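Colleague: My structure is below; once you've seen it, I'll send some questions.
The values are calculated or read from the model by the stated rules, or taken from the named source; none is laboratory data. Small disclaimer: the values here were computed from a predicted structure and weren't measured. With ideal geometry, Cβ positions are generated from the backbone for all residues, glycine too; neighbour counts draw on all protein chains shown. Calculation scope for accessible area: heavy atoms of the full protein, side chains included, ligands and nucleic acids excluded. Shrake-Rupley method; radii C 1.70, N 1.55, O 1.52, S 1.80 Å.
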Amino acid sequence: MKYFYLVALAAFMSCSSGSDSSETGGSSFDVTAVSVTNADDEAPSKGDALSIKITVKNTGSQPGLATITPKLSSSRFSDYKNVELPSIDKQLQAGETAIVTLELEPFFRDAYNGKHYALGRGEYFMESILINDQPDNSYSGRVFTIKSSNVLLVPVLYNGPYLNKINANVNIKTYLQNAFTRKVELYSNSGTYTDYDGGFDELMGVKQLFYPIQTINVSEHPLDDGMCEKAIALAGETLGLTDDWKGPVGTQPENHGFDYLMVATPDSFGGVACGWINVQISGLFDFDLSVNRAQIVMIHETSHLFGAPHCDPLQGFVMCAGEKHSKYIDKGIYVYHTDSKNQMSNRWD
């Protein structure tokens, strides 16, 4: 009995000895460095895809397969700790050192817990790197920063019938990009027009990246409340936030790095901007199921979040009966009134 106890204790002590390397058979792996850049090998800015280069060495006496899984944390955003990134497999010979690269888009899903994240501005660090499910926490290049830019990271919750109802004939991401980059014009009080061939985004000096997720129709959410409240509850559940989507307008730390929330519904009610909670809901009009009309609703509601008033000084512009303008009727061009544009700004960072 005494002999068995000593053998068991010796085995426990052997397994408990601390190490930053992972051993599999005769192979032993150690991460020595991490480098995070954009695709051009420069410091990343908001909206860039990340190129995560991980230097790993097989310090053992036998070849082996290393499954490498980075864990990412944010210093700025809450509920953004030990977020599991996709794994990379690498076969290494005994004594071999290699650099493996993970390309990470500005939007991603944690495969472990199903939550969705965006790479917003701020400081990040590699909390740890798993090698064959064993954490390695000692390596250079642990901390990196994503710089600010004019990019906006926008989750879009949509219901499938939205596109079908208006016969959009494109996927949702293309539809969204087309909506915000289609030509607009700006009317001045002197009666002149300025063209913005790059659409709303060019007018506002931003570049919007959209992250569509198909969900139930927001109006069918079981919460017994208004559409805005249903939208933020649906977003909290869909994105995996710790609570509802948070406002007011501006990049909020509780929203996993996303900027503002867009919800698209096939319901016929037009749309609504909920500025106090940083969300716009774009619906349709059953009496006009054209793509032109559906997209002007989206532009209109987003403009409210940018600060546009509830109506222009004159009708016939985007913020007040934009479908009545002759340029819209003849060519499908959205026209902004300069008085409304002067109240709009990028409120996210």
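Colleague: Consider residue 95 carefully, then state whether it is in contact with a Ser or Thr (Cβ under 9 Å, 6 or more places away or on another chain) and open to solvent by 40 Å² or more (accessible area, probe 1.4 Å). Working first, answer last.
Modeller: On the way: in contact with a Ser or Thr (Cβ under 9 Å, 6 or more places away or on another chain): yes; open to solvent by 40 Å² or more (accessible area, probe 1.4 Å): yes.
So residue 95 fits the description; yes.
Colleague: Still on this structure, I have one more. For the stretch 281-295, enumerate the residues that are in contact with a Phe, Trp or Tyr (Cβ under 7 Å, 6 or more places away or on another chain) and either buried (at least 22 other Cβ atoms within 10 Å of the Cβ) or at pLDDT below 95 (or both).
Modeller: Once the filter is applied, which keeps residues that are in contact with a Phe, Trp or Tyr (Cβ under 7 Å, 6 or more places away or on another chain) and either buried (at least 22 other Cβ atoms within 10 Å of the Cβ) or at pLDDT below 95 (or both), the stretch 281-295 yields only 283.
Colleague: Since residue 37 meets every condition but one in (1) at pLDDT below 95; (2) under 33 Å from the mean Cα position of the chain (by Cα); (3) among the polar types (S, T, N, Q), which condition does it not meet?
Modeller: (1)
Colleague: Looking only at residues that are of a type outside the set (A, V, I, L, M) and either in contact with a strand residue (DSSP E or B) (Cβ under 7 Å, 6 or more places away or on another chain) or part of a loop (DSSP other than H, G, I, E, B) (or both) in the stretch 216-232, which one is most open to solvent (accessible area, probe 1.4 Å)? Lay out the reasoning, then the answer.
Modeller: Within the stretch 216-232, the subset of a type outside the set (A, V, I, L, M) is 217, 219-222, 224-226, 228-230.
Checking the rest, the ones that are also either in contact with a strand residue (DSSP E or B) (Cβ under 7 Å, 6 or more places away or on another chain) or part of a loop (DSSP other than H, G, I, E, B) (or both) come to 217, 219, 221-222, 224-226, 228.
Numbers: 217: 10, 219: 44, 221: 16, 222: 114, 224: 151, 225: 87, 226: 28, 228: 13 Å².
The selected residue is 224.
Colleague: Given the residues 80, 117, 112, which is the only one that is open to solvent by 10 Å² or more (accessible area, probe 1.4 Å) and more than 30 Å from residue 292 (Cα to Cα)?
Modeller: Working: 80 fails: open to solvent by 10 Å² or more (accessible area, probe 1.4 Å); 117 fails: open to solvent by 10 Å² or more (accessible area, probe 1.4 Å).
Of 80, 117, 112, the one residue that is open to solvent by 10 Å² or more (accessible area, probe 1.4 Å) and more than 30 Å from residue 292 (Cα to Cα) is 112.
Colleague: Does the stretch 263-279 contain any residue that is of a type in the set (Phe, Trp, Tyr) and open to solvent by less than 30 Å² (accessible area, probe 1.4 Å)?
Modeller: First pass over the stretch 263-279, keeping only residues of a type in the set (Phe, Trp, Tyr): 269, 276.
Retained after the next criterion (residues that are open to solvent by less than 30 Å² (accessible area, probe 1.4 Å)): none.
Looking through the stretch 263-279, none of the residues is of a type in the set (Phe, Trp, Tyr) and open to solvent by less than 30 Å² (accessible area, probe 1.4 Å).
Colleague: In addition: Of the numbered conditions (1) part of a strand (DSSP E or B); (2) at pLDDT 95 or above, residue 23 fails exactly one; give the number of that condition.
Modeller: All conditions are met except number (2).
Colleague: A further question follows. For the stretch 103-215, list the helices (runs of 4 or more DSSP H) that sit wholly inside it and hold at least 1 residues that are in contact with a Pro (Cβ under 8 Å, 6 or more places away or on another chain) and not acidic (Asp, Glu); which are they?
Modeller: Values: elements: 161-165, 172-181, 199-204.
Answer list for the stretch 103-215: 161-165, 172-181.
Colleague: Another one. Say we look at the stretch 148-167 and pick out the residues that are hydrophobic (A, V, I, L, M, F, W, C) and open to solvent by less than 20 Å² (accessible area, probe 1.4 Å); which of these is farthest from residue 237 (Cα to Cα)? Steps first, answer last, please.
Modeller: Going through the stretch 148-167, the residues hydrophobic (A, V, I, L, M, F, W, C) turn out to be 151-154, 156-157, 163, 166.
Adding the requirement that they be open to solvent by less than 20 Å² (accessible area, probe 1.4 Å) leaves 151-154, 156-157, 166.
Working: 151: 25, 152: 22, 153: 18, 154: 16, 156: 13, 157: 11, 166: 27 Å.
The extreme case among them is 166.
Colleague: Hey, residue 328 hits all of (1) touching a Pro at 6+ places or on another chain (Cβ under 9 Å); (2) assigned to a helix (DSSP H, G or I); (3) not basic (Lys, Arg) but one; which does it fall short on?
Modeller: Only one criterion is unmet by residue 328, namely (1).
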